1. Report, in deg cm²/dmol and to the nearest 500, the calculated mean residue ellipticity at 222 nm for the chain, where each DSSP H run with n ≥ 4 adds -39500 (n - 2.57) and the sum is divided by the residue count.
2. What accessible area per residue comes out for region 117-349, rounded to a whole number of Å², with a 1.4 Å probe?
3. Contact order normalised by length for region 116-267, with contacts defined as Cα pairs under 8 Å and 6 or more residues apart; what percent is it?
4. Work out the FRET efficiency for GLN141 and SER274 from their Cβ-Cβ distance, taking R0 = 35 Å, and round it to the nearest 0.05.
5. Would you mind putting 234-240, 194-200, 204-210 in packing order, based on average other-beta-carbon counts within 10 Å, highest first?
6. Would you mind calculating the gained length between GLU150 and HIS228 on full extension (0.36 nm times residue separation, minus the Cα-Cα distance), in nm to one decimal?
7. Taking the 0 to 90 degree range and rounding to the nearest ten, how far is the long axis of helix 59-97 tilted relative to the main principal axis of the chain, both from C-alpha atoms?
8. Can you tell which of ALA160, ALA137, ALA31 shows the greatest fluctuation in a Gaussian network model of the chain with Cα springs below 10 Å?
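The values are calculated or read from the model by the stated rules, or taken from the named source; none is laboratory data. As the structure is a computational prediction, the values presented were derived from the model and not from experiment. Positions of Cβ are backbone-derived with ideal geometry, glycine not excepted, and every protein chain shown enters the neighbour counts. The area values use the complete protein model at the heavy-atom level, side chains included, leaving out ligands, DNA and RNA. Shrake-Rupley method; radii C 1.70, N 1.55, O 1.52, S 1.80 Å.
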Amino acid sequence: MTDEIPGGLKDSLLALERDASGLVDEAADKAELESARVALFGRRGSITALGKQLAGLSADQKRAAGKRINSLRSSLTEQLKNRSDSLDAQAQARELEGPPLDYSLPAYAPEPGHPHPLASSMEEVRSILESMGFATAEGPQVEDEYHNFEALNIPADHPARDMQDTFFTRDGHLLRTHTSPVQIRIMEKSSPPVAVIAPGAVYRQDDDITHSPMFHQVEGLLVDKGVHFGHLKGVLTEFLRALFDEDLGVRFRPSYFPFTEPSAEVDISCVICSGSGAVENSRCRVCSGTAWVEILGAGMVHPAVFEAVGYDPGVYSGFAFGVGIERVAMLRFGIADIRHFYSQDLRFLQQF
Ligand code: DAH
């Protein structure tokens, strides 16, 4: 009699052996099947409860009851799996009988993108200058020293090379430090008159909130007979007013570039504080309270540059300029940190 399963446990076993499989087979969908599984095998499930009742039994009783509980457990486990498979098969059959696509489902509207603020600024600069008659040209970003420096009247020992901290390649080339070498490439293969702009990426070893090791410039070059500084002032003033504001203040400060003589740096009245030097009674941080910001470099093409490309400086004259696109975009949109442009952060990009 020692292996006889005690009455209470035996009754529960019999009841489960009788009813549990019905619970599984009657589950009409996956959710009901899961409820059945929990009711049987869950932490408070009936099979689990049976196991707990083994505690006080003799070794023989445990063996006898354990065996029946185990066989009930494995047959129910298999039944659960079968029911699950057959519910899946039914669902698939229903899907195959129905229409192949649910055309009633509304389509996702694509979110419209828009140009990056640097691309739109580049495009704006370009379209204004093209409307003034300049054609667009491109040059290589991997340059040689001759085009980037020598031909622009910056010989090897010239201190101006220090201002453009250069990335060199192992084979003696370099990443162009400005778009000015495109001036040389254009003049090498065409004769005057020339009116060309050259947009593109340039590289310098510079990295802070207003400098990036890769940034963008647009170069401009106009050469013909009789071109003088008045043309330079007229074209650049018109260009800057079209780009920023028709009432913009524009001033030309004497400066130095090896490839132009005379040279100028061009300032515009600060577009952040409208040339007042102050924003809400405190000093404007963009122009440091001076009311002016530098926007580009320019000058009359140096005779040595003409000689390098075989133009006669006694016959031709011209002007050139270079404008930084990041600077333009920072001023157009009031952006304080240049690194935002390259962060790919949608919270930044979606503001434009
Ligand atoms: N290449 C100069 C720079 O990167 C900018 C520049 C100044 C370009 C004067 C010019 C120019 O064409 O005439 O800083």
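1. Helices in the chain give a 222 nm mean residue ellipticity of -12500 deg cm²/dmol.
2. Working: 10960 Å² over 233 residues.
Normalised by residue count, the accessible surface of region 117-349 is 47 Å².
3. Values: 211 pairs, mean separation 32.8, N = 152.
Result for region 116-267 is 22 percent.
4. 0.40
5. Values: 234-240: 18.1, 194-200: 20.6, 204-210: 12.9.
Going from most to least packed, we get 194-200, 234-240, 204-210.
6. 25.6 nm
7. Tilt relative to the chain: about 50 degrees.
8. ALA31
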